[in-house]
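Everything on this sheet refers to the single structure shown next.
Derivation of every value follows stated rules applied to the coordinates shown; laboratory data play no part. Because the structure is a prediction, the values reported are computed rather than measured. FYI the Cβ positions are ideal-geometry reconstructions off the backbone, even for glycines, and counts take in every protein chain you see.
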Amino acid sequence: MFQKAMPSMLKTALATAGAVAGILSVVHAGEPSFRYCEAGYARGFVDETASVQFGLLGGISVLAGDGGGGQAACKWRAFDNFFIHGAFRQVELDGVSFPSAPLVGFNEDGLTAREWRIGAGYILNLPGGFAGYGQAAFMRSDYYGDLNDLEPLIATGDASARNGISLEAGLRYLFLNRLEISGYGRWDSEGGYGFEGVTPPDIIADAPGTLVFDRGDDFRGGGQAALRVVGPFWATASYEFGDIDAVFAGVRASF
């Protein structure tokens, strides 16, 4: 009787293994797409302060607060495992204030921080619904101030744009062909929105002071989740940390 039971047990084991394999094949169906564009709302969390003493004029402190704006990015798998990519982000900082400026008291104006990047990358296909990638990009960052209310004490005007390079590596995972989870690390040769100092104005020459921006290199990391809503459209959300932290929420269209 034991011998007769063996074929039955073997058939059951094989059937079970087949069912598990079938479920796993469904779970890991497809791979993350490298042909998509996404856009949405981005917000940066900034807490930067710089100050300077002007002698008889006293001191001025500069404080940059949080701000929101827009962000857009595209990846396009051109051929084989190579892709091209681009991204743009513009954040309007909510408050650049001068709380201790003499004679004028508290004042607040706007500061726009903007960056864009374009480059190419390579996809590393991995088993089980995973895909690794590495990419490089040319990047450009600039700042625009509107602080004329405080002239001749201080003003920024347009801060000079800076060019640099960006290197990124990441891992993406597609679950049930519906939910994608990814993580990445990125090094930028040009850093974020930090203030390094304030240059006092020249009252005699009627020349405004300037803000000196911290433009050192910056390592950033982050994660993103994307949920397929219908057809090629996804809802996405991400969190990024570095010199400044940032969150993003938007929509994605895959091709």
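Working note: Karplus 6.51/-1.76/1.60 with θ = phi - 60° gives the stretch 124-137 the couplings 10, 6, 10, x, x, x, 9, 8, x, 7, x, 8, 10, 8 Hz, where Gly and Pro are set to x. Rounded to 0.05, the FRET efficiency of the D80 and A237 pair, given R0 = 35 Å and the Cβ-Cβ distance, is 0.70.
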